[in-house]
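The values are calculated or read from the model by the stated rules, or taken from the named source; none is laboratory data. Note that the coordinates shown come from a computational prediction; the quantities given were computed from them, not determined experimentally. So basically every Cβ, Gly included, is an ideal-geometry build from the backbone, and we count neighbours across all protein chains shown. Calculation scope for accessible area: heavy atoms of the full protein, side chains included, ligands and nucleic acids excluded. Shrake-Rupley method; radii C 1.70, N 1.55, O 1.52, S 1.80 Å.
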Amino acid sequence: MIDKVYCVDVKPEMEGKKVKLAGWVYRKREVGKKVFIVLRDSSGIIQIIFRKEDGDAYQKAKSTGIESSVVVEGTVKADPRAPTGVEIQGERLEIIQNVEFFPITKDASDEFLLDVRHLHLHSPKVAAVMKVKATLMQAAREWLLQDGWYEVFPPILVTGAVEGGSTLFKLKYFDRQAYLSQSAQLYLEAAIFGLEKVWSLTPSFRAEKSRTRRHLTEFWHLELEAAWMDLWDILKVEEELVSYMVQRTLELRRGDIETFRKDFTTLRKTVPPFPRISYDEAIDILQSKGVEIEWGEDMGADEERILTQEFESPFFVYGYPKHIKAFYMKEDPEDPRKALAADMLAPEGYGEVIGGSQREDSYEKLVQRILDEGMDPKDYEWYLDLRKYGSVPHSGFGLGLERLVAWVMNLDHVRWATLFPRTPSRLYP
RNA sequence: GCCGCCGUAGCUUAGUUGGUAGAGCGCCGGACUGUUAAUCCGGUGGUCCCCCGUUCAAGUCGGGGCGGCGGCGCCA
């Protein structure tokens, strides 16, 4: 390991100190008898200046291309003309690997950046998104730990669907058919009988040919499931968790968020309690805005977008009609037309980031729902067992991590919130 | 699955009523005493997505195909 300092740690007060840095050539400008190299590492940038009288180092500096990997030694010098107010007088330059030309230049389309995503990951802007994503999960872990939740590790290779059958990726499992998991939920439900409050972070796979800014075929799914909680209990968990994630990330990664987001209003307002509106109220709001929608219809993307404009923080919509929601969601005892389900929608048009519900804990009702959906209870035998051997009221939810990142970072598409996005048309790189 | 759009140099693109392909960036060479995506001068670079057709002549017109993008539905 090279004994080096990070770019961000070079301060004007260190004037005169000799330092070693390692990174990549971010910008290079040749002016007269000087070469300015802006060096980039994971922390940030710093300008290095090489003068002709530096001889060998100057010649090498002249020959490096953008994104070459280099190790630099020199002396710190405060200078207001440098991009960060401090620079390095370069004395030695070791080119680890010279790059003749880097394929990404200033005019690059989104499509091209995805084609060379492995190189796009050099970009500080991409790094900012990934740092925010890492910090959101760091915060989630902090909150989950202090609130007594156990992390569990559910299977990814599964035999059946959580909801619907057409959206599963099929694969060969020796001489049988298996699928890639689209949600850990059913397995988390099993885990609560020993651990009560559990969570997992897993990839989830959806073979939907969805061409929208909020869909990936592979995404990171943060799921929680808890025994003894009803819908209203789990909503409190959701808002406390999400607000902690957002506030903590705001505290630790403000600068990184600023690379994409200028207005912090909605993030600052992401504190409990989040507004709660019923499905009925949502329909009223939409109808009052002239949207043609009737009770019982599911809200489409347009409706959801209109609704999010009414709020300045994430908010809940609860009490959806049962028939538009998944079979495992508990029927509302006070209104059998409805399910004890709630989605959390992000403001600014982003929409659904969480889908959650109280789960149906009655064996008979669950069997009936499975039959109503045209599915075979035999395929859910172990899941139904959970309602026969010590069934308890329980609730849970799933959060789409890339959707949360996309909202926090104000991204125009969830694909920018993941390292190597997978969409119906993109499996490479 | 449905609706709409696009495909020209490494990248971003112009290309008129069909007349034989142009620019910017990058890259290479040169100039320049401090640049901030430096600037200036010169050079390099083309399977016009593929196939078939119309025509004296197709990047351009017609048919088919392939690939991608934007949105809807579905969802996190």
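Other residues within the sphere of radius under 14 Å centred on the Cβ of A:ASP332, judged by their own Cβ, net out at +1 (K and R +1, D and E -1).
Accessible surface calculations at 1.4 Å, restricted to protein heavy atoms, place the range A:34-161 at 48 Å² per residue.
Straight-line reach from A:LYS18: taking Cα to Cα under 14 Å and skipping same-chain neighbours fewer than 8 places apart, the aspartates and glutamates in range are A:ASP3, A:ASP9, A:GLU73, A:GLU87, A:GLU91. Taking the 1.4 Å solvent-accessible surface of chain A as the whole, the part contributed by carbon and sulfur is 51%.
A cut-off under 11 angstrom between Cβ atoms defines the neighbours of A:SER288, and their net charge, with Lys, Arg +1 and Asp, Glu -1, is -2.
I need the GluC sites (Glu not before Pro) found in the range A:256-346, filtered to DSSP loop residues with at most 10 other beta carbons within 10 Å of theirs. Here the sparse-neighbourhood loop sites are A:GLU292, A:GLU294, A:GLU334.
When the helices of chain A are scored as -39500 (n - 2.57) per DSSP H run of n ≥ 4 and the total is divided over every residue, the value at 222 nm lands at -8500 deg cm²/dmol. Rolling a 1.4 angstrom probe over the protein heavy atoms with all chains in place gives the range A:288-407 an accessible area of 43 Å² per residue.
Given a Förster radius of 35 Å and the C-beta distance between A:GLN177 and A:GLN97 as r, what FRET efficiency does 1/(1 + (r/R0)^6) yield to the nearest 0.05? E(calc), rounded to 0.05, equals 0.15. Check the straight Cα-Cα distances from A:LYS325 and name the lysines below 16 Å, setting aside those fewer than 8 residues away within the same chain. Hits, sequence-local ones excluded: A:LYS338, A:LYS365. Taking Cα atoms only, the orientation of helix A:279-288 departs from the longest principal axis of chain A by about 70 degrees.
In chain A, Cα pairs under 8 Å separated by at least six residues give a relative contact order of 13 percent.
For the listed residue pairs A:LYS20/A:LYS77; A:LYS17/A:LYS60; A:LYS4/A:LYS34; A:LYS17/A:LYS77, the alpha carbons are over 19 angstrom apart in A:LYS17/A:LYS60; A:LYS4/A:LYS34.
Taking a straight line from the alpha carbon of A:LYS106, these aspartates and glutamates sit under 19 Å away, with near neighbours fewer than eight places off in the same chain left out: A:GLU30, A:GLU67, A:ASP115. Charge dipole of chain A (Cα centre as origin; +1 on each Lys and Arg Cβ, -1 on each Asp and Glu Cβ, all else neutral): 2440 debye, rounded to the nearest 20. So, counting K/R as plus one and D/E as minus one, what does the shell of residues with Cβ under 9 Å around A:LYS197 add up to? Cβ neighbours under 9 Å give a net charge of -3. Between the exposed loop cleavage positions of chain A, defined as chymotrypsin sites (Phe, Trp or Tyr not before Pro) in a non-H, G, I, E, B DSSP state with at most 16 neighbouring beta-carbon atoms within 10 angstrom, the longest gap is A:7-100. Between the range A:329-365 and the range A:136-214, the C-alpha centres lie 18 angstrom from each other.
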